[in-house]
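Presented below is the structure to which this report refers.
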Amino acid sequence: MKYISNKIVCGALSMLTLVGATSCGNDFLKEDAGHLYSDALLEEESGALKMAAGLYANIRWHFGYEWAYGITLYGCDEFTNGADLTAEPWNTYDNRLNPQDCTPALGAANKNCPGVSALWDQMYYGISTANLIISKADNVSNEDARNKALGEAHFLRGYNYYRLFCQYGGVVLETEPANGTVKKSFKRASEEETLNLIIDDFEKAYQMLPKDKWRGNGTWTKYTAAHFLAKALLYRQSERCASWASGYDKSGDLNRAISLCDEVIAACPLASDYWDLYAKWTGIDCPNEGLDEILMTAEHNEDKTTQGRFGNRTYNYFDPQFSNFSGGWVQRGQYIGGMDFQRCRPTEYAYSVFDNVNDARMWKTFKTVYGLNHAAKKDADVIASNGITADQMPDLGDEGIIFILNKKSDSRFDGNPYGTFGRGGDVHNFVNPLTGKWVPNAFVTFQDGKYVLNTYTGNPSTSNVFCGINKTADGSRTGEKGDAHRDVIMARSGETYLVKAECQVRLGNYQEAINTVNVLRARGQWKKGEDRSYYTDGSMAFLKSDGGLTDNSTAASITPKKNKDKAGKQLTNAEAYDFSMTHTNTYYLSTGIAQTTDASDLQIKSYSQLPAEDEAILKEIGASSDYDRMLNFVFNERTRELLGEWNRWDELARTGLLVKRAKAFNPEAAPNVQDRHQYRPIPQKFIDTLQNEDGTNLSDADKKAWQNPGY
């Protein structure tokens, strides 16, 4: 088992050079190569805590490259692929998703396709270091330091095994440090054994970790452990464990999970406004990164030693290819918070699941307007070719791209009363009736009772035109493709409410589940006096005058792109930002309602009377029993609350909803997804290096026995 043993041995030793200081604040995130491993280091208070600090570096891996979305968001109901096909096999479940890592030689679009071995390797990398700390921590005489180090080690080991379990099922359980020994013979644990170790590790972390963020923001606390312990107990009573979970008390597991959720909810209250979690990110280490609601993050800042191997690349994955389809009217740069890599294209379901009138979360998540930041063509040419008038011609700062997030029942755009929709490079004449201006790129979601947002390019299955989400936007980047500096939220108490609600559903307490979800929905309502047409996102970190903590160091520089005004003057980055960030959305154009500052109401009175959006979805998937309706309702609410937050595949596979919902709502996944896809293939490169205990190689039959069914 050379491959994994090298990861365990070398991974543990190299990880020891990536540990940080133990002072409060974010200093503990910095990687410090100033010491090497020795047994003596682990027998003193400061050494043990430095070793434990190094565990935090392991979780940054999850958000450093294409696997961030490939293994968590693709192939589900919320997102499908855009025109970029880097991780396409993970979304389409075609024959390239197999035990071999998909390379260009094996059909990948490029060399960046996430390998099936990536998660496997990296999780064992962290587990090896956790095992080392656990094995030596008893030698630390200071009880407080010992418990902190042990708590963090048990938490990371439990978390890493949880990620492995969600993807692969039963895995190799290593709980002792390698200590230089190269093993090639391993036993694959059962699902039951694997999940029980996870529960035990989270339980130990829950008992040992302090309640406060003693290292500063990002510290794993008692409440972080409680959240994941609740999730693990819920998992044991979920559909994927049904074949063996009957030996565990269902009521005991679920009620304990509810109790843990209540503890987290009481200690880690929701942010007062949904904006604060993602959209109002004002710069590096900004106050909102320390919100009580946030339970776990992969932390980043401007210090290069906190980047890890890949840095934070998540800003690349949620924007449409706006610079390509805009006809040059909207240019990209670090002044726009995301790169237009068009990896994650929301499905029709992802738009339709929201009440677009009353749910503020929709408008605080989707970016529906890009300001025009380049005069791409002469006014006379545009007027003549598109059939508009001179007073309808837009200027810098007007709408360059808009997405109209309307409903299927909306008939206002049937027959194109305001002109035809289209891309900037195509002839069209849509004039926004609310502004009186021609919009170079204008797209409606539904027209004539049909979903049409994916039809503005030649192939609907690989469209680069979609309305993306803003949860990773970062205006602190100092280069167009520069690394992001914002933290990535991995767990928050907003999800804790949904874990609790699902436990209540599984206990048959449907109205209690509605009451729990209503707390989240209350936060998601428009507040009285709120401007429903206002928008912002993490791009605001670019300029202090727009709410950022400081001006971006590149703000005064001339844009390296084509950003020019109508007189031909080239813009500065700050000017390009001002024109592109309009702080407006398409709320009133999308909904057709009169302007209002009244509060909205998202409260559900009874589980037997769910919102119209939910009823349509439940009908589509054939959910009729109270249990099926309520379980799927919770998952609809997970979308509204947690869209794009890195765990959709794990959650759908856990509940047995993956295949049904992917077939119903992801046209690219639907033809191929099967029950076997509720597990990932075990990496072949790992299986091929295994040996029997006597040193002989495994037979083909033995190798097949190691693999998950169907691969």
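The values are calculated or read from the model by the stated rules, or taken from the named source; none is laboratory data. Just so you know, these numbers come straight off a predicted model, no measurement behind them. Neighbour counts run over all protein chains shown; Cβ positions are idealised from the backbone, glycine included. Surface accessibility is based on the protein's heavy atoms, side chains included, excluding ligands, DNA and RNA. Shrake-Rupley method; radii C 1.70, N 1.55, O 1.52, S 1.80 Å.
Some observations on this one:
- Based on protein heavy atoms only, the range 604-669 ends up with 32 Å² per residue of surface accessible to a 1.4 Å probe.
- Long-range amide H partners of Gly422 with built H, under 5 Å: Ala442
- Compared with the dominant Cα axis of the chain, that is its longest principal axis, helix 612-621 is turned about 60°.
- Order by protection proxy (mean Cβ within 10 Å, highest first), peptides 134-145, 478-489: 478-489, 134-145
- Folded to 0 to 90 degrees: helix 250-267 orientation relative to the chain principal axis, Cα: 60
- Members of Lys280/Lys527; Lys111/Lys703; Lys407/Lys527; Lys222/Lys367; Lys111/Lys280; Lys367/Lys562 lying beyond 25 Å, as alpha-carbon distances in this model show: Lys111/Lys703; Lys222/Lys367; Lys111/Lys280
- Once Rg and the Kirkwood radius are both taken over the C-alpha atoms of the range 467-525, their ratio Rg/Rh works out to 1.22.
- Across the alpha-carbon set of the range 124-167, the Rg to Rh ratio works out to 1.06, Rh being the Kirkwood radius.
- Within straight-line cross-link reach of Lys544, aspartates and glutamates at Cα separation under 13 Å, skipping those fewer than 8 residues along the same chain: Asp578
- With the alpha-carbon atoms of the range 277-410 aligned to their principal axes, the span from lowest to highest coordinate is 55, 40, 26 Å, starting with the largest.
- With q set to 0.12 Å⁻¹, the log10 of I(q)/I(0) for the range 171-290, from the Debye formula over equal scatterers at the Cα positions, is -0.64.
- Range of Cα positions in the range 497-552 per principal axis (Å), largest first: 53, 26, 13
- Relative counts (whole %) of C-alpha pair distances in the range 513-623, using bins that are 10 Å wide: 11, 25, 25, 19, 14, 5, 0
- Built amide H within the under 5 Å cut-off of Gln342, gap 5+: Asp319
- Helix 118-136 and the longest principal axis of the Cα set of the chain meet at an angle near 40°.
- The fraction of accessible area contributed by carbon and sulfur in the range 407-530 is 49 percent, rounded to a whole number (1.4 Å probe; ligands and nucleic acids excluded).
- Taking a sphere under 14 Å around the Cβ of Gly333 and counting the other residues whose Cβ falls inside, with K and R at +1 and D and E at -1, yields a net charge of 0.
- If the Kirkwood radius is taken over C-alpha pairs of the range 543-696, then at 10 °C and 1.306 mPa s the Stokes-Einstein diffusion coefficient equals 73 µm²/s.
- Taking the three principal axes of the alpha carbon atoms in the chain, the coordinate ranges are 82, 58, 52 Å, sorted in descending order.
- Directionally averaged projected area (convex hull, Cα atoms, the range 581-653), nm²: 7.5
- With 10 Å bins beginning at zero, the pair-distance distribution over Cα atoms of the range 115-225 amounts to 15, 43, 33, 9, 0 %.
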